[in-house]
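Student: The structure's right below; bear with me while I get my questions together.
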Amino acid sequence: METIVTTERRPLDRYDTAAWQVRALLANVPEIKGRIVEPCSGDNSIVKVMHDYLPGKIDSMITNDIDPETPAAMHMDATGRAFWELVAPRCDWAVSNTPYDMPTCLEIVQHAVTYAKVGVALMLRLTFLEPTDTRHPRGPWLADHPVSRLLVLPRYSFTGNGKSDSVTTAWFVWSRKRLVGRPMLCLNAADVTYATLPEIEQEARHADAQC
């Protein structure tokens with residue numbers, strides 16, 4: 001008989017983002033710039049990489065996390081409309097690795113796409129694309145809000161032991177402006193690990209020239 005081993009989820013479903021995952025996003029969506037909101041910032045892992053790799057391109061950065069023990073500037077519930085109405089005037093892009101549990105995940109995604117002025121980049125499980133129609137339905141919403149770009153990442157163990165919480169994730173990108181490049185990319189380790197700052201800057205200049 002097969003034994004199924006289950007792993008208890010972390011409090012608040014918090015699994016922080018690896019630096020290479022953030023570099024993969026910035027290398028392939030150079031349009032991200034301006035006023036950034038990180039609604040589920042955790043240990044600020046996304047923010048740190050963005051500051052290092054986008055010098056001169058970030059006008060402001062608002063960090064938020066519901067956990068008051070985190071180093072975020074705000075501690076509001078990102079599933080609620082109140083948070084998004086507060087930050088909307090200073091939100092060109094929303095960038096985050098949200099909790100994956102439903103309906104928390106879906107509510108954050110929907111608010112981000114509604115309130116961000118330019119675009120949204122959220123790292124989600126690839127199964128977010130499943131058109132569920134009964135429990136936490138996503139199908140109708142996804143049909144009305146198609147993804148502008150999907151960056152599928154190599155499978156990664158968020159617990160660091162390679163045995164649990166190893167899932168296929170992707171950056172789901174919604175943009176009100178046209179993005180340069182292919183709408184879907186399946187990235188391998190070489191694509192995401194060695195993106196350098198000059199390469200990202202070159203892509204960003206190319207994207208600006210196309211606007």
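Student: Starting from the Cα of Val167, step 7 Å toward the Cβ, then list every residue of segment 143-157 with an amide N under 14 Å from that point.
Tutor: Of the residues in segment 143-157, 153, 155-157 have backbone N under 14 Å from the label point off Val167.
Student: Using a Förster distance of 35 angstrom, determine the FRET efficiency expected from the C-beta separation of Glu85 and Asp52, and round it to 0.05.
Tutor: Working: r = 31 Å, r/R0 = 0.88.
Result of the calculation: an efficiency of 0.70.
Student: Calculate, for Ala73 and Arg176, the FRET efficiency according to 1/(1 + (r/R0)^6) with r their C-beta to C-beta distance and R0 30 Å; round to the nearest 0.05. Don't skip to the answer; put the middle values down first.
Tutor: Working: r = 25 Å, r/R0 = 0.84.
So the FRET efficiency works out to roughly 0.75.
Student: Something else: Pick out, in residue order, every one of the trypsin sites (Lys or Arg not before Pro) in segment 72-147 that is DSSP loop and has at most 16 other C-beta atoms within 10 Å; say none if there are none.
Tutor: Lys117, Arg135
Student: Report the extension gain between Lys117 and Arg155 in nm, rounded to one decimal, defined as 0.36 nm multiplied by the number of residues separating them, less their alpha carbon distance.
Tutor: Values: separation 38, 0.36 × 38 = 13.68 nm, distance 3.09 nm.
My answer for the length gained is 10.6 nm.
Student: Loop only per DSSP, at most 12 neighbouring Cβ atoms within 10 Å: give me the GluC sites (Glu not before Pro) in segment 35-140, ordered by residue number.
Tutor: Glu69
Student: Name the long-range amide H neighbours of Cys91: under 5 Å, sequence gap of 5 or more, or other chain; modelled H, no Pro or chain starts.
Tutor: When sequence neighbours closer than 5 places are left aside, the close amide H contacts are Lys117.
Read-outs: derived from the displayed coordinates by stated rules, not from any lab. Keep in mind the model is a prediction, meaning the values are calculated, not measured. Here the Cβ is made from the backbone with ideal geometry for all residues, glycine too, and neighbour counts use every protein chain on show.
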